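Let me begin by presenting the structure, written as structure tokens, before commenting on it.
Laboratory data are not the source of any read-out in this text; all were calculated from the coordinates shown. Since the structure is predicted, the reported quantities are computational estimates derived from the model, not experimental observations. Every residue, glycine among them, receives a Cβ derived from its backbone with ideal geometry; neighbour counts consider all protein chains shown.
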Amino acid sequence: MSGVLVIAEQRRGELRAVSLEVVSAAQGLRRGADEVSVAIIGAAPESIAGALKLVGVDEIITVKVPLAEFDPDTFESAVGALIAQRHPDVVLVAHSVDSFGYAAALAARHGFGFATDVFKVQRIDGELLATRGGYGQKVNVEVEFPGRSTVLLAIRGNVFKPPEQPASPRLSAFEAPATVSRSTAREFIEAGAGDDVDMAGAEFILTIGRGIGEEAKVAQFRELADAVGATLGCSRPIADAGWLPKSRQVGQSGKTASACKLYIAMGVSGAIQHLAGMKHVTTIVAVNSDAEASIFGVAKYGIVGDIFEIAEELRRHF
Ligand SMILES: Cc1cc2nc3c(=O)[nH]c(=O)nc-3n(C[C@H](O)[C@H](O)[C@H](O)COP(=O)(O)OP(=O)(O)OC[C@H]3O[C@@H](n4cnc5c(N)ncnc54)[C@H](O)[C@@H]3O)c2cc1C
């Protein structure tokens, strides 16, 4: 058993960017003549293949399935059949809402080694070692897979730099077995529909966290953001509570503040998943009443104080 199989993700005919990050994660796992094969599963996979013609991809495998939307049973069956035919020793998928639907079941059914949310993967003396967070991301856990001939890993997004150089990998097709699905896709609703904010493109972001306490306080910070010319962002609890749309969430499972130059975090503790979306910003200003809050570890300027008082003071100047 050898080689790395990457399962790329697509949404409505568009390759998901995280798939290229997974291709990048695969590069350090090659042994000798090992190849990296990338499978793309969908109703018209050949139309997406072009986006995968990059350095680091040796082969693109198109897997045609008769469904327009993602379906866990179809994916579990198709990926399982592909692994049975190809015998890769490592299979990489994105740690995403799609893989949540089938990867664990697939690994359990076939006895594969398995780890999710992996942000580092390497071979040490030929043995695979995956690193993931543990205890709510407070510690890093190294996972070994003794005795497993196939290991399936779900790779965290926004960690590996996607390849950019074009290349000409081989193309092949794989026929997925017919599958009876237990679910039906009724409607596709785009997350954050109705709020077309571009968090990735925003240069100045003012983000609010759970420190605001209640939904009624959102308006005060929205008004402040407008006054200072910032795009209003939020931490996950605010989006999960529905106080702001998901499209404004910054972090690992939200948006990355890619173009941001100034980031003001108000009432945000600085959990590792939030930092994943903003810690690279050059100028971070944090306001938090807890002097020990982790956000101060990445902030250039820190204010230990009450966000409402600071917000009012700021508003007086704009
Ligand atoms: C797989 C996974 C993915 C995740 N993805 C994301 C993600 O994309 N984005 C994200 O943000 N989180 C994400 N999380 C959640 C993350 O772990 C934290 O739970 C979250 O970031 C905490 O949000 P917060 O800082 O707003 O809230 P808290 O951690 O509760 O912090 C609130 C802060 O406000 C301060 N505060 C309270 N009152 C005041 C006041 N009056 N004045 C000043 N400061 C005050 C407190 O001192 C505290 O530090 C994810 C978690 C998991 C497991």
Exercise for the section: Could you work out how far the C-alpha centroid of the stretch 234-302 sits from that of the stretch 33-76, in angstrom? Expected result: 34 Å
Problem - Under-5 Å amide H pairs with A276, H placed in peptide plane, nonlocal only - result: Q252
Practice task
For the stretch 204-317, calculate the relative contact order in percent as a whole number, restricting contacts to Cα pairs under 8 Å that are 6 or more residues apart.
Solution key: 24 percent
Completion exercise
Taking the dipole of the chain about the Cα centre (Lys, Arg +1; Asp, Glu -1; charges at Cβ), the one of I189, P169, I310 that reaches farthest to the positive side is P169
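Can you tell me the relative contact order of the stretch 4-175? Whole percent, Cα pairs under 8 Å, sequence separation 6 or more.
Details: 355 pairs, mean separation 50.8, N = 172.
Relative CO of the stretch 4-175 lands at 30 percent.
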Practice task
Report the relative contact order of the chain, percent, no decimals, based on alpha-carbon pairs under 8 angstrom and at least 6 residues apart.
Solution key: 15 percent
Exercise for the section: Kindly identify the chain as rounded, prolate or oblate by the Cα gyration tensor criterion: order the square roots of the eigenvalues as a ≥ b ≥ c, call it rounded if a/c is under 1.5, otherwise compare a/b with b/c, prolate if a/b is larger, else oblate. Expected result: prolate
Exercise for the section: Enumerate lysine pairs in the chain that are 8 or more residues apart or on different chains, then count those whose Cα atoms are under 14 Å apart. Expected result: 6
Exercise for the section: Under 12 Å from the Cβ of A265, count the other residues' Cβ atoms, weight Lys and Arg +1, Asp and Glu -1, and hand me the total. Expected result: +3
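Return the calculated 222 nm mean residue ellipticity for the chain, to the nearest 500 deg cm²/dmol, obtained by summing -39500 (n - 2.57) across DSSP H runs with n ≥ 4 and dividing by the residue count. Write out the running numbers ahead of the final one.
Numbers: 8 runs with 67 residues, N = 318.
It comes out at -6000 deg cm²/dmol, rounded to the nearest 500.
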